1. Conditions: (1) assigned to a helix (DSSP H, G or I); (2) of a type outside the set (Phe, Trp, Tyr); (3) open to solvent by 10 Å² or more (accessible area, probe 1.4 Å); (4) out of contact with any Ser or Thr (no Cβ under 6 Å at 6 or more places or on another chain). Residue 207 meets all but one. Number of the miss?
2. Please determine, by comparing only the residues of the range 288-310 that are out of contact with any helix residue (DSSP H, G or I) (no Cβ under 8 Å at 6 or more places or on another chain) and at pLDDT below 90, which one is surrounded by the most Cβ atoms within 10 Å (Cβ to Cβ).
3. Kindly list the number of the only condition in (1) loosely packed, with under 15 Cβ neighbours inside 10 Å; (2) free of Cβ contacts under 8 Å to residues at least 40 places away in the same chain that fails for residue 285.
4. Which condition breaks for residue 202 when tested against (1) in a strand (DSSP E or B); (2) open to solvent by 50 Å² or more (accessible area, probe 1.4 Å); (3) not small (Gly, Ala, Ser)?
5. Name the residue that is farthest from residue 208 (Cα to Cα), counting only residues in the range 172-186 that are surrounded by fewer than 20 Cβ atoms within 10 Å (Cβ to Cβ) and within 16 Å of the chain's Cα centre (by Cα).
6. Just one of 211, 180, 202 is of a type in the set (Phe, Trp, Tyr) and within 20 Å of residue 260 (Cα to Cα); which is it?
7. Go through (1) more than 22 Å from the chain's Cα centre (by Cα); (2) part of a helix (DSSP H, G or I) one by one and return the number of the condition residue 277 breaks.
8. Scan the range 218-229 for residues that are in contact (Cβ under 8 Å) with a residue 40 or more places away in the chain, out of contact with any Phe, Trp or Tyr (no Cβ under 7 Å at 6 or more places or on another chain) and open to solvent by 20 Å² or more (accessible area, probe 1.4 Å) and jot them down.
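The values are calculated or read from the model by the stated rules, or taken from the named source; none is laboratory data. The structure presented is a predicted model; accordingly, all values stated were derived computationally and were not measured. Note: ideal-geometry Cβ built from the backbone for every residue, glycine included; neighbour counts use all protein chains shown. Protein only, heavy atoms only, side chains kept; ligands, DNA and RNA dropped before computing areas. Shrake-Rupley method; radii C 1.70, N 1.55, O 1.52, S 1.80 Å.
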Amino acid sequence: MPPLAAQSSSAGLLLVVTALLTDCLNLASANKAHDVYRISPSAVHSRRGWYNRRNLPFISSSAASSLVGWEELVLNTRGGSTVEEETTASEVGEGTSDDIVPSDETVEETDEAEAQPRNLTFTATSPDDGSAEDPDGIPARWFDMKKGDREEANEAFETHLAWREEFNVDTMLERPHPKFDVCKQMAPHYFAGRDPHNNIIFVQRPAHVDFELMRMNNATIEDLLLHYVYVIQYCWNIMEPAPDAVMTNVLDMRGSSFRQMSNSEYIEFGKRFVSMMSANYPGRSYKTLIINAPTWINVLYKIFKPMLRESTRQKIIILKAGEEQD
């Protein structure tokens, strides 16, 4: 029979391995339960017919890690064991599996937790956004947008509430999004982790916006705009729910042409997109980096500049490919 120390050490190792397997199973179950984190690719119709294509990830691995508690998993499965853990392991090892029976209370709590689906309904206000303290229930970001003018802030917020009601924004993440993959192909975009200030990075590739693909899949500009609302709702309610959180936007202009960008359909979409985001998600931009900018970028910028607030304009940085950008 092995010495007591060896038995204790083996039991401690068994406990650690069991914890690892349990946490991994819980992690898989959590991902399966919340399909909003894992959106499978669907068939997309292209010029070459129907095909299945795996898109860029909706969220990057670094962003996903904070959602599934990866750091906690690592801490729970660290190597080695303490004297207290070895003692506990030896005590557990002396009994049999039949001796460990969960109480009725524990079983009831587990069943209740599994029976309750995650709440994916999000309203226009949230805790700590300043609305609870304001007599008119207006979040602080709306006052910042209107430079403290209560009347204008109230009017802007009421317009925002009407917009949310018209498009059922509060329950958007609760509902299926059948055109998710089509919209992702029409206008490539993804979350690319975080910047040095821990702000979310959102990357877009304007040169790859494909309106022909949109028509071939019976989609519309309205579908694409609402898809962006879906993505932003996911960002500010799931990935980063802090009311004062901001993001770094990156517009990669590589491969773009003046002919493409000056197309009337493209200009229409761009104007509606900028107007929608500016009116309904104020104060959410940390910086907007336009990288690999072509020589004619200033001509395009003049079209959208009047639609931007002065505070937003000051956050835009245009960089051409080269040493300065790198």
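1. (4)
2. My answer is 297.
3. Of everything listed in (1) loosely packed, with under 15 Cβ neighbours inside 10 Å; (2) free of Cβ contacts under 8 Å to residues at least 40 places away in the same chain, residue 285 misses just condition (1).
4. (2)
5. This residue is 174.
6. Details: 180 fails: within 20 Å of residue 260 (Cα to Cα); 202 fails: within 20 Å of residue 260 (Cα to Cα).
Going through 211, 180, 202 in turn, just one is of a type in the set (Phe, Trp, Tyr) and within 20 Å of residue 260 (Cα to Cα): 211.
7. (1)
8. 223 - this is the single residue of the range 218-229 that is in contact (Cβ under 8 Å) with a residue 40 or more places away in the chain, out of contact with any Phe, Trp or Tyr (no Cβ under 7 Å at 6 or more places or on another chain) and open to solvent by 20 Å² or more (accessible area, probe 1.4 Å).
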